[in-house]
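The structure appears right after this line, and notes come after that.
Values quoted throughout were computed directly from the atomic coordinates according to the rules given, and no laboratory measurement underlies them. A quick note: this is a predicted structure, and the numbers were derived from the prediction, not measured. Neighbour counts run over all protein chains shown; Cβ positions are idealised from the backbone, glycine included.
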Amino acid sequence: WCRSLESNVVELYKIHLQSLKETKKIEREVTMPRSSLSIMKAHRHLLLSVKTFVCNIEDNLEVYFSLFDGDNERFLSDRFVMYLDKEVLPDVAENLSSEKTKTLFTDLGRKTFAKELFIVCQVIRTGHMHTELSPKKKHSPNFRRPFACGVFSVQENIDHDDDHFGEDRPFFVPLFPCTNEANFHNMHEDLIRKFLNKSSTSVVDGMSMSASLKVFNGDRARIIGANPLWIPADICVARKLGFPEVILPGDIRNDVFVSLERGEFERGGKSAGRNVEVTVSVLLSNGTVVENCVYAGSGSRGSNEYNSLILYHNNNPNWNETFKLNIPTDKFHDSHVLFVFKHCPTTSHVREKGKKVFGFAFLRPLRTDGTTLVDGGHHLVFYKTSLLDSKNPGKYLAYPSSVADLAWVENEHGLNNSAKSSKEAFFVSTLICSTKLTQNLDLVGLLRWRQHKRKIPEVLDSLVRVRGDEIMKFLQDILDALFAILNEDTETSGMLVFNNLIFIINLLLETKYQQFQAVLNTYISHHFSAALAHRHIVPLFNKVMSIGKGKDGSDVVKVAKSLHYVIKFIMQSWALNIRTQPGKSDLEFKSSVRELFAKLNEAMERNGDGWRGTQSAILLNLPKVYKDLSSVFNDDELADMLKDLFCSARSSSLISSKLNFLDGLITTSPLFHNESSRVTLMPLVLNCLHQQLLQKNELKTCADILGNLLSCLSKVTNGSVNDEVEQISKSLLQVVFQAVVAVDRTSPRAGKYVAILYTLLKMMSEDNYQSYLKSFENQKDLRDFLNKAFGVFTNLLRRNIYADDWFVMKIEGNYVILGAVQNFSQALTDNFLHEDAFDYQLWSTYFHLAIAFVSHEILDVHKYSEAKRMKILEKYGDMRHVMGFELVRMWNSLGGLQSNFIPSMIAPFLEMTLVPEPVLRQETLPLFYDMMDKEMKNSGNIKKVEEEFVDKLDVFLSKDGLGDEEYKELFEQILTEKITRNKELMKPGVLFVNSVVQLLERLLDYRKVSSREEYRDMKMGCIVNLLNYYEEKGKEDMFLRYVNKLYDLHLSAENYIEAGFTLFLYASCLEFEDYQLKEEGDFPAQTERARKEMLYKKAIELLDKGKLWESAIRICKTLIHEYEMEVFDFIKLSEMLQLQATFYENIITTHRVEPIYFRVGFYGKTFPSFLQNKQFVYRGRPVEKIGEFCFRIQREYPDAEVLRHNNPLNEERMLSNKPYIQCCKVDPISDNSSIPRDVNYRISSYYDVNWIDKFQLTRPFHKGEIKDKSNEFA
């Protein structure tokens, strides 16, 4: 026995299980509605590619694209802007570089795609106030005017099939001109409303665009780099209005999104409304413009100002325009946003004087307390131009910017009422997305702790009041501040900093913020810089673990839950420290970490329910930091430290946590790859697993641990693991067998435990097997183990633990079983072969296992393709041969004890020999000779063998489909050869072989036609042939089984007379006795008398249907005698007499069509044996003609040639491989001499054509060799 595959079976199981999970996931997604499937991915990016833009206009265009939430009617993203002129229209994708026609909408999380998501396209033209068809003049104005709008659904224009996710599918988008510019601000909402309501909207010819959408999943930078054909490296990115679900370190934002909402202005002495334009810029307090910080959208360059849309003659404009301010962080505190209102004249002589400023407003993004402006709407104060003083540019900053601030500062500053206009108003809204500035005052205090060092304790206490979302947003800055305070003010603030650190880590452990753990990991490994933090954290941790806090130990639990991150900070701090001081001794640091572990051990030893949560958290989190600890401690040191901690946990309620601790050590650390550390930890694992498996507790976790342990050992390359495998087998092999038996077959754990069993057995060497088998103290324990092992293997072979398509898993399992059986069988012959120790049950279990193995369908290599068969044979060989030879060897070793297995093993051996493998058959068929020989010597006959063999042969061939012509020939050849050498056995043996061969022929003939509906008549012939055999052998049970089959065939063919006679035949085998019969087919459990009566009545009913009343009357007479003379049931007697009278009347009064008879001969060697070169008389259907009859017969034998003559066939045709059928009509010859001549003709005519055994036919006859055509007659 040699190892077949390098990979262990547990790993194979994991591969198959993962494949199954992925398949089920795909199946679930296929059946999901599109809206559900669209939110499956957490991080998505939407690529918009504009292909064409059709618009007949001379002016330049600004085309803005934004994501819009149709459910909540709000914009979700920054705007992407394309600048177009008539030179690039309409094929913009060909005439512009790709970064100008494409944008990537990013930061789209799970929830975004669950909405009714739209892209809004707003078209702005720049030029004259009114559209001019003439070419532009040299100095034409650049008024920004509303022009058109279009919307399209994202869900309807992307492909949601994951296999083709993100197909580039161009689609058409109609654009609708703005006919009422006062409503341009919400024109997109009207279009979306009509789309959702399925309302039609008129489309203007010549206004359209085409675009495509493609969805990408994953990290944005990776996607851009990996898809250069789709996404240009310098593509414009349109970010979300707000933060993504996860903010990674390094993702620095300081964006202020400003939306111009609406204004309310006076006419200013004019008869018509003003053409209002708002110019927006960012200034410092000294009036200096912050340059290039204003962005109309992604795709635009930074500029010094933004000019709003101009709505013609509208004093109450609604803009709904959003632009972005990117103010440098160092200028944020001194900056403000200035909104200047201008009237834009349209007449040329006035226009030359320029736009007239008539007021302004301003807004500070940063409040005086250091927090940013609150997100949302703001009603700003409208100031007159008198405050715009070029000599004193910051003069107006002394005044309140918003109406909300106006009331409380009006008196304090002595506000000049003439400086503001109470009749005019201006409304904006803001959204600040900043990772450097916050709207939370407590958070500002922490981030600016250096400016208020006296308030550090107060600031640290207030951190717990900050919302979790805000903490996640500024996580890196918060941690930097905490460690800076810890380094500078440990004495007074150390514990407060530590508590805040624990608070933040516990916040990250909440389900809502789990995705931010990746942010913390990135921070620790790449951004953490506190090289001395370990000096402070270790003592603080030890202090908390020593004193705890609260009766329930709640603070200690939080610290324990944060343990892995605390240790990561400690180890990273030390790593930073030794980078600055190369060669520094680590003894002091190691000592401090050991002190930390000592405190953990003390915590593990404590009693009381209040400490259970702490102890569980410690066990859960320690395995997560092996990699960090291994940077300082070697494997042996770590193993000792972890062993001490594990042994300190003595509470039985911690067993689940202890198991998870062990599993974590095995899967996350290489401690079990190192021999010395493995020696330390292996006893812990084995003792714990043995105890739990023995008690059948924590079966799932135990399976995970043992599976991972075996996988780990199988990958060890530096040295042998034989000793460890021996330890595992002696400690756990028996309990694993018990677990396989105990676990529900339908449970997922069943497959896992079987994979573990296979892996362990596969890893055991021959020495391991021998050592294990010798470890049993007595034969009883060894016998019990072998019985259990053989029984488990047999069940695994007979039951499908794994899915049908897990081929590698199943055949690998068979290979492992083969190796195990070869090793275990030696113990069988060594310990249980001699008469005083012989155990029939154990040997029988072994034989049933070997036979189940040999008969396993997966090992039938001939049913696979040539390539697959060769691969299997190359890796495993033909395992059936190996097991078959092993079985024969074991059987031969029994000698005289073989008689113990007669007749119990005849059926199993017969099943094995029927496996279609010639080598196996040749090796195992002689087993029957051994059985006959032993039976002959013991009882003087072989009747027991013959009866059992015949009974089971029918079952295996007719029900299970086993056996073939080759088997019949081999059986006859091998057994005849052996039997003829044994004089005592020769005569009964040859009779037995001949009898079995006859039965095989008849069963094979029947099986060939049993499943073919068109072979109904042939099936009937085969059944009759079998009935004759079983009647001759006295096999009543088998006889009746085939009688039932024959009845069903006749009934389905509407042969009512034949069906009736078949039931009569069944009833004839029964007696009018009160013996109880079991339920059988349509017959309930009843007495033999009741069943015989039921059969007679059904036969009468069928004969009545076939109008064969004479035969029905005969059965009636039998029942009449029974009712009258035996059971005295006169009610039934009366009914039967009346029925009989009816039949007599029918004979006299009813005309019956006489049956027609045909002779049919079957010639040639290809017909079944019971038909070959034989002639039969068929009873034809009513009024059936010879042509119809021949057609019916030929349909059943389509390959046969129908001969049109009655001449006798020569020997050549009778021995031919070509089938021939000869049909002709025959006339019945009746012998009705016992019928009086003056009897009614309807009575006598029955006997003329029924119950006939003689027939006559005519055929040509010639005297001499010369045929005289003129003298031929018939």
- Rg(Cα) / (2.2 N^0.38 Å) computed for the stretch 1129-1169, rounded to two decimals: 2.36
- Item | Using alpha-carbon coordinates, inclination of helix 1186-1196 to the longest axis of the chain, degrees | 50 degrees
- Query: How big is the Kirkwood radius of the stretch 1033-1149, worked out from every pair of different alpha carbons and given in Å to one decimal?
  - Reply: 14.9 Å
- Message: Nothing charged except the Cβ atoms of Lys and Arg (+1) and of Asp and Glu (-1): what's the magnitude of the dipole of the stretch 252-439 about its Cα centre? Round to the nearest 20 debye.
- Response: 600 debye
- So for the stretch 1156-1256, taking the charge dipole from beta-carbon charges (+1 Lys/Arg, -1 Asp/Glu), which of I1235, W1251, Q1194 sits furthest toward the positive end? Q1194
- Task: Could you work out the local net charge near Q973, counting Lys and Arg as +1, Asp and Glu as -1, over the other residues with Cβ closer than 13 Å to its Cβ?
- Result: -2
- Starting from the Cα coordinates of the stretch 706-837, work out the convex hull volume and express it per residue in Å³. 111 Å³
- Query: What does the convex hull of the alpha-carbon atoms of the stretch 252-439 project to on average, in nm²?
  - Reply: 11.5 nm²
- Item | Convex hull volume per residue in cubic angstrom - Cα atoms of the stretch 1120-1212 | 188 Å³
- Message: Expected output is a single nm value to one decimal: the length gained when fully extending between A803 and N1250, i.e. 0.36 nm times separation in residues minus the C-alpha distance. What is it?
- Response: 154.9 nm
- Item | With Cα atoms, 0 to 90° folded angle of helix 563-580 axis to the chain main axis | 60 degrees
- Taking N as the residue count of the stretch 855-931, its alpha carbon Rg divided by 2.2 N^0.38 Å gives 1.24
- Query: Looking only at chymotrypsin sites (Phe, Trp or Tyr not before Pro) in DSSP loops with at most 13 other Cβ atoms within 10 Å, what is the longest site-free stretch of the chain?
  - Reply: 1-837
- Message: Using a Debye calculation, one point per C-alpha and no hydration shell, please list log10 I(q)/I(0) for the chain at q = 0.05, 0.06, 0.09 Å⁻¹ in order.
- Response: -0.70, -0.85, -1.19
- Message: Residue by residue through the stretch 429-443, what is 3J(HN,Hα) from phi via Karplus (6.51 cos²θ - 1.76 cosθ + 1.60, θ = phi - 60°)? Round to whole Hz and write x for glycine and proline.
- Response: 9, 10, 9, 9, 10, 9, 9, 10, 10, 10, 8, 9, 5, 5, 5
- Message: What is the angle, in °, between the Cα long axis of helix 943-954 and the longest principal axis of the Cα atoms in the chain? Nearest 10 is fine, range 0 to 90.
- Response: 50 degrees
- Any idea how far the Cα center of the stretch 738-811 sits from the one of the stretch 452-476, in Å? 59 Å
- the stretch 683-721: trypsin sites (Lys or Arg not before Pro) falling in loop per DSSP and having at most 15 other Cβ within 10 Å: K696, K715
- Task: Mind jotting down a quarter of the surface of the convex hull over the alpha carbons of the stretch 546-668, in square nanometres, one decimal?
- Result: 7.5 nm²
- Item | Over 22 Å (Cα to Cα) - which of K436/K624; K384/K423; K543/K568 fall in this group | K436/K624
- Can you put T913, T1087 in order, fewest other beta carbons within 10 Å first? T1087, T913
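Taking the Cα centre of the chain as origin and charging only Cβ (+1 Lys, Arg; -1 Asp, Glu), how large is the dipole, in debye to the nearest 20?
I would put it at about 4280 debye.
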- Message: Using the Cα atoms of the stretch 40-113, I'd like the radius of gyration and the largest Cα-Cα distance, Dmax, both in angstrom.
- Response: 14.6, 46
- Compute the separation of the alpha-carbon centres of the stretch 1197-1251 and the stretch 481-513 and state it in Å as a whole number. 108 Å
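Among T101, T1150, T1166, which comes first, then next, by fewest other beta-carbon atoms within 10 Å?
Exposure proxy ranking, most exposed first: T1150, T1166, T101.
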- The residues L309, L1215, sorted from fewest to most surrounding Cβ atoms within 10 Å, come out as L1215, L309
